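Trainee: Can you keep this structure in mind? I'll have questions shortly.
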Amino acid sequence: MKFAQPAYFLFLIGLIPYGAFLFLRYLKSERRRKSDFSVEAIKEFYPSHSIKRFFVRSLLLLFSLIFAVIALTNPYTRESLVSVPRPVKDVVVALDVSLSMNARDVYPSRFEAARRELIQILKIPNLRASLLLFSGKTLLTLPLTQDRQALSLFVQELEPGYIRSEGTNYRELFEKILQEYDHTQSLSKELGWAASRVPMHVIVLTDGDGIEWPEESLFYEMRKRDIVLWVEAFGSVEGASIPLYDENGEFTDYLEMNGQRYYSKNQDAFLKDWVESTRGYYVSYSATERLSEKVFQIQDNVGADAVFQDYLAIKNSIFPVFLLLAILSLLMGVIL
């Protein structure tokens, strides 16, 4: 027999003073009887069976408390693993961590606005999300996971410049997305997940300013695999200068290129073409709508990408047995 909540056994310590109280009460009663009555009177008014009944009643009440404490610990004999199918939604989130995300044409900054959107997106029910960070390079930071709280905590610690590389390489980003899709499909087969042929959703949070742009063939491959892009742009078409900060977070200067201050602009037309190529959805952060509001429709419109076989440990609890013993002991103690 095992116990799911063994900490409740600490309550048994409280039974020690209770037992001591019953014993002292009995001794006090005995002393009072001997001082008030003769031996013959005690035998007449307090027969031996009444003393035995007192002990039996006390023991029954004591056992009732012991059984109640054991019931609180939720005792069980063994665990059985039960396979439970659970639908999940696969989402790949790509977050731009290039220095241009420091620009403040979006309040309070491009990156802070993107971070807030991402935290909202992670609230989608039954979500398995993976996180890609990209700038001049692309890094798979977290693979597909349902631990959205851990994802949120990690995102809250990020800052632009997390990946030390210049510019934003969108070509490498989409190549990495294709690799992750193929890897996920093969892994699903190995683990026995019943993956169905439904779109895989990729959410790109970026400012739309890049140095390496993807070829059309990449979008053709993404469309063949039913990869749908959801893009939200946090930069303005007019552009903004990029502030630079030191290790202590103090402003130092603005980014310059060729001796002139560089202005980071959202290449709006490119982003819209990507979305149209994959039958996705595009939002500019300056608009009244937010991508997080649209992404919530993934669950409603599409359903689940896969059925994940979750194994739950079902405990064969014998809690009712000890609860019944506690009630019976209490009733017998009261009746006697």
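Readers should treat all values here as calculations from the given coordinates under stated rules, not as data from a laboratory. Just so it is clear, the structure is predicted and the values come from calculations on it, not from any experiment. FYI the Cβ positions are ideal-geometry reconstructions off the backbone, even for glycines, and counts take in every protein chain you see.
Trainee: For the stretch 83-304, with only Lys/Arg (+1) and Asp/Glu (-1) charged at the beta-carbon, what is the dipole magnitude about the Cα centre, in debye rounded to 20?
Mentor: Around 960 debye, computed over the stretch 83-304.
Trainee: Mind giving me the FRET efficiency for Asp182 and Arg104? R0 is 35 Å, r the Cβ-Cβ distance, nearest 0.05 is fine.
Mentor: That gives a FRET efficiency of 0.35.
Trainee: Quick one: Karplus J couplings for the stretch 66-75, per residue in order, coefficients 6.51, -1.76, 1.60, θ = phi - 60°, nearest Hz, x for Gly and Pro?
Mentor: In residue order, the calculated couplings are 4, 5, 5, 5, 4, 4, 5, 6, 6, x Hz.
Trainee: Here is a further query. Cα gyration tensor of the stretch 83-304, axes a ≥ b ≥ c as square roots of the eigenvalues: rounded (a/c below 1.5), prolate (a/b > b/c) or oblate?
Mentor: Prolate shape, in that a/c is at least 1.5 and a/b is the bigger ratio.
Trainee: Let me ask something additional. I'd like the Karplus ³J(HN,Hα) series for the stretch 268-283: coefficients 6.51, -1.76, 1.60, θ = phi - 60°, whole numbers in Hz, and an x wherever there's a Gly or Pro.
Mentor: In residue order, the calculated couplings are 4, 5, 4, 4, 5, 5, 4, 5, 5, 5, 10, 6, x, 9, 10, 9 Hz.
Trainee: Tell me the net charge near Asn266. Cut-off is 12 Å between Cβ atoms, Asn266 excluded, with +1 for each Lys or Arg and -1 for each Asp or Glu.
Mentor: Residues close to Asn266 contribute a combined charge of -4.
Trainee: ³J(HN,Hα) across the stretch 15-28 via Karplus (A = 6.51, B = -1.76, C = 1.60, θ = phi - 60°), whole Hz, x for Gly/Pro?
Mentor: Those phi angles translate into 6, 5, x, 5, x, 5, 4, 5, 5, 5, 5, 5, 4, 5 Hz.
Trainee: Now for a different question. Taking amide H positions as placed in the peptide plane 1.01 Å from N, state which residues far from Val204 in sequence (5 or more) or on other chains have amide H under 5 Å from it.
Mentor: Those qualifying (amide H under 5 Å, at least 5 residues apart or on another chain) are Ala94, Trp230, Val231, Glu232.
Trainee: Now a separate question. Can you give the net charge of the other residues whose Cβ lies under 9 Å from the Cβ of Leu336, counting K and R as +1 and D and E as -1?
Mentor: Around Leu336, the charge tally is +2.
Trainee: Further question on the same structure: Using packing as a proxy for protection, rank 216-226, 171-181 so that the peptide with the highest average count of other Cβ atoms within 10 Å comes first.
Mentor: 171-181, 216-226
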